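Heads up, the thing below is written out as structure tokens.
The values are calculated or read from the model by the stated rules, or taken from the named source; none is laboratory data. Keep in mind it's a predicted model, so treat the numbers as computed, not measured. FYI the Cβ positions are ideal-geometry reconstructions off the backbone, even for glycines, and counts take in every protein chain you see.
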Amino acid sequence: MSTPHLLIGATGQVGAQLAARLAAAGAGVAATGRRTPAAMPLNLADARQVADVLDQVRPETVWLAGAYTHVDGCEAHPEVSHQVNVAGPLAVAAWVRAHGGRLVFFSTDYVFDGSAGPYGEEASPHPLSVYGRDKRSVELALLADVPGQTLVVRTTSVYGFAACGQGFIERLTDSLRAGRPVRLPRDQWGNPTSAANLAEATYRLWSAGATGIWHVAGPDYLTRDAWGRAVAAHFGLNPALVEGVPTAALAQAAPRPLAGGLVSARAEAFLHMNFWDAATGLAHLAAPVGWDPHSPSRT
């Protein structure tokens, strides 16, 4: 017996919001993820386990929100990035190609080099990092192998809360409430994107039968340090502790697209939907029960 939806990565920022959206629609969902008994364990790097889970669930749609998103970790361990970010999604695609159904895959503005952002869907990708190259290779493979069944949603600078408690907001507020300065790049640009708004837009694109590549990101175009100060102010913490520095001063292992970000006009027009700006997204941010930016972290 099949389950309509398989959500891979249900305990991450995006996956948690997708799970809530599908539940609100009354959809039957099987989920994989970490740190929750409600989700099945799944190692995307294990193609055999991927196939076994898919054979067990037999979904009509696979929502692939799980990935290895530690960009510097991917750069240091390209073999791990390949197994999780390439081999895993391709194993999912092989099952969908053989058994039918639909696939929703999340990608990133890191497929661009950041020389001329923000980017629309028509822009030519040129990734700089292992993470960006792996995401782009999957995009190409999915659109070649299961083109009429695949929706690729590119996004950027996603924020929200995850079961693992390791998102940008948790890490930033942990440091600020402890009085520790936080250094963020003043020359990396992007669009802060609410995970809840992203999930809603993706669900609507899927409902409309959209396929191919779509950009979904918030309309504000901010540097990372400006975004950090906005988050600090929202939670009543000290924005002055957020120090803007050049990317070169951070000695990050993976090269970053500096003028990155995405243009989402096509999706907004298609969906008749205005994506949330940073202030609106923060105002709608639903923190986990018991979480307090002024108290010790949950993790």
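Restrict the check to segment 115-125 and report whether at least one residue is under 16 Å from the mean Cα position of the chain (by Cα), closer than 30 Å to Ala278 by Cβ and crowded, with 21+ Cβ neighbours inside 10 Å.
Scanning segment 115-125 turns up no residue that is under 16 Å from the mean Cα position of the chain (by Cα), closer than 30 Å to Ala278 by Cβ and crowded, with 21+ Cβ neighbours inside 10 Å.
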Answer residue from segment 162-178, given it is in contact with a helix residue (DSSP H, G or I) (Cβ under 7 Å, 6 or more places away or on another chain) and in a loop (DSSP other than H, G, I, E, B) and is surrounded by the fewest Cβ atoms within 10 Å (Cβ to Cβ) among those: Gly167
Would you mind stating whether Ala248 is among the small types (Gly, Ala, Ser), assigned to a loop (DSSP other than H, G, I, E, B) and within 27 Å of Ser129 (Cα to Cα)? no
Do we find that Leu140 is among the hydrophobic types (A, V, I, L, M, F, W, C), within 22 Å of Gly9 (Cα to Cα), free of Cβ contacts under 8 Å to residues at least 40 places away in the same chain and not in a loop (DSSP other than H, G, I, E, B) in this structure? yes
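On the given criteria, is Pro89 at pLDDT 95 or above, surrounded by 23 or more Cβ atoms within 10 Å (Cβ to Cβ) and not acidic (Asp, Glu)?
yes
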Select, from Thr150, Thr156, the only residue that is among the β-branched types (Val, Ile, Thr) and more than 14 Å from Thr211 (Cα to Cα). Thr156
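So that you can scan it fast, the table gives a plain yes or no per residue for (1) surrounded by 19 or more Cβ atoms within 10 Å (Cβ to Cβ); (2) over 22 Å from the mean Cα position of the chain (by Cα):
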residue: Leu222; (1), (2): yes, no
residue: Pro239; (1), (2): no, yes
residue: Gly244; (1), (2): no, yes
residue: Ala248; (1), (2): no, yes
residue: Gln252; (1), (2): no, no
residue: Arg256; (1), (2): yes, no
residue: Gly260; (1), (2): yes, no
Restricting to helices (runs of 4 or more DSSP H) lying wholly in segment 1-120: which have 1 or more residues that are among the basic types (Lys, Arg)? 13-24, 47-57, 88-99
The condition of being closer than 16 Å to Ser107 by Cα and modelled with pLDDT of 95 or more holds, among Leu198, Leu222, only for Leu198
Does Ala210 count as surrounded by 15 or more Cβ atoms within 10 Å (Cβ to Cβ), within 30 Å of Pro147 (Cβ to Cβ) and either modelled with pLDDT of 95 or more or touching a helix residue (DSSP H, G or I) at 6+ places or on another chain (Cβ under 7 Å) (or both)? yes
From Ser194, Ser137, which residue is of a type in the set (Gly, Ala, Ser) and within 25 Å of Arg21 (Cα to Cα)? Ser194
Count of segment 257-273 residues which are closer than 16 Å to Thr155 by Cβ and assigned to a loop (DSSP other than H, G, I, E, B): 6
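For the condition surrounded by fewer than 18 Cβ atoms within 10 Å (Cβ to Cβ) and touching a Gly at 6+ places or on another chain (Cβ under 8 Å), what is the one hit in Pro181, Pro147? If you could, list the steps in order and put the result at the bottom.
Values: Pro181 fails: touching a Gly at 6+ places or on another chain (Cβ under 8 Å).
After applying the criteria, what remains is Pro147.
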The one condition in (1) buried (at least 18 other Cβ atoms within 10 Å of the Cβ); (2) out of contact with any Pro (no Cβ under 8 Å at 6 or more places or on another chain); (3) in contact (Cβ under 8 Å) with a residue 40 or more places away in the chain; (4) within 22 Å of Val130 (Cα to Cα) that Pro78 fails to fulfil: (1)
Being assigned to a strand (DSSP E or B) and out of contact with any strand residue (DSSP E or B) (no Cβ under 6 Å at 6 or more places or on another chain) is the filter; apply it to segment 190-227 and report the residue that is nearest to Trp276 (Cα to Cα). Ser194
Residue pairs meeting the criteria (Cβ under 6 Å; at least 6 apart or on separate chains; first among the aromatic types (Phe, Trp, Tyr), in segment 227-256; second crowded, with 17+ Cβ neighbours inside 10 Å): Trp227/Pro192; Phe235/Thr173; Phe235/Pro293
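Here is a yes/no grid of residues against (1) aliphatic (A, V, I, L, M); (2) touching a Leu at 6+ places or on another chain (Cβ under 7 Å); (3) within 26 Å of Gly114 (Cα to Cα):
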| position | (1), (2), (3) |
| --- | --- |
| Ser137 | no, no, yes |
| Arg171 | no, no, yes |
| Val182 | yes, yes, yes |
| Gln188 | no, yes, yes |
| Thr211 | no, yes, yes |
| Tyr221 | no, no, yes |
